[in-house]
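One structure is given below, encoded as structure tokens.
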């Protein structure tokens, strides 16, 4: 069996690297299993202007590079490998990277969540260049623009209402002829003079010029009519999927797959902690993820200390 570590951190976004920094500074020598695409959602984010301490903004990948360097400076070991299986049935906890087994007294999960994509041509190409998945992150960049929001749930209505503060007009495009959002969110959107609705319609392509979004193609699902609409801002708000599949049956998850925590960052298994977007379905910001990573590291450190004196 592999030598037992104090802490293994699974995931490498703001939560994972913050947890790593705190754990490393506590002389716990954490192992960070960062994944093949380390850095979380910020690796696909261009301008970050709402993270404290960066008054001129910073590129998402550059920020995550700084997070990683800080964790490594204090002694965190970062491995860009994907966790394939875990066993939390008893301590020490087992974590597999392919066929390689790692064991630890404590585990911090910070695997994040992924925005759901439409999966249409041009969507990935113009992500960060007019296509966004987070109004709170990017709304400011679309001041006085004609904005399109895709979706029909509470998240889409929240995005549309928030974006109406910035855009000259917000058009919500929805596949059905009625919204799935709660009645109160629907009413707020309907009452907003800046928000319009296009019903029974799906996007078919994202179009651009000179490296930036310029228009979208849409199809009416009842008539089959195709239309092209100029826009400089497209916000896709069709939900998130927490990256927690490998933890099914190991710790308690809610119906949507988010990890249930109590008393800060404690999961249903004593010695396993969690933070960031795999837990948080409300705020989903880098700064809140970092705070939750801090909480998880402190909780884990105190738990390990209590076990030494038990």
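Only the coordinates and a few stated rules stand behind these numbers; no lab work does. Just so you know, these numbers come straight off a predicted model, no measurement behind them. Please note: Cβ atoms are built from the backbone with ideal geometry, for glycine as well, and neighbour counts cover all protein chains shown.
Spin-label model, residue 169/residue 305: points 7 Å from Cα along the beta carbon direction are separated by 6.0 nm.
Scaling against 2.2 N^0.38 Å puts the C-alpha radius of gyration of segment 117-236 at 0.97. The protection proxy used here, the mean number of other Cβ atoms lying within 10 Å of each residue, ranks peptides 6-19, 161-174, 210-223 as follows, highest first: 6-19, 161-174, 210-223.
Taken over the Cα atoms of the chain, the convex hull encloses 145 Å³ per residue.
Here the calculated FRET efficiency for residue 25 and residue 125, from their Cβ-Cβ distance with R0 = 35 Å, stands at 0.30, rounded to the nearest 0.05.
Taking 35 Å as R0, compute the FRET efficiency from the Cβ-Cβ separation of residue 80 and residue 212 and round it to 0.05. Intermediate values should be presented prior to the final figure.
Numbers: r = 31 Å, r/R0 = 0.89.
The value I calculate is 0.65.
Normalising by the residue count of segment 117-236, find the relative contact order in percent from Cα pairs under 8 Å and 6+ residues apart.
Working: 263 pairs, mean separation 38.1, N = 120.
Relative contact order comes out at 32 percent.
For residue 283 and residue 66, calculate 0.36 nm times their separation in residues minus their Cα-Cα distance, and state this gained length in nm to one decimal. Please list the in-between numbers first.
Details: separation 217, 0.36 × 217 = 78.12 nm, distance 2.27 nm.
Value of the extension gain: 75.9 nm.
Would you work out the relative contact order for the chain, in percent, from Cα pairs under 8 angstrom that are 6 or more residues apart? So the answer I get is 21 percent.
At 0.36 nm per residue, and after removing the present C-alpha to C-alpha distance, how many nm does the segment from residue 100 to residue 36 gain when stretched out fully? Before the final figure, lay out the partial values.
Numbers: separation 64, 0.36 × 64 = 23.04 nm, distance 1.53 nm.
Computed gain between residue 100 and residue 36 is 21.5 nm.
Label positions at residue 196 and residue 228, each projected 7 Å from the Cα along the C-beta direction, are separated by 1.9 nm. For segment 117-236, the antiparallel share of DSSP beta bridges with both residues in that region comes to about 45%.
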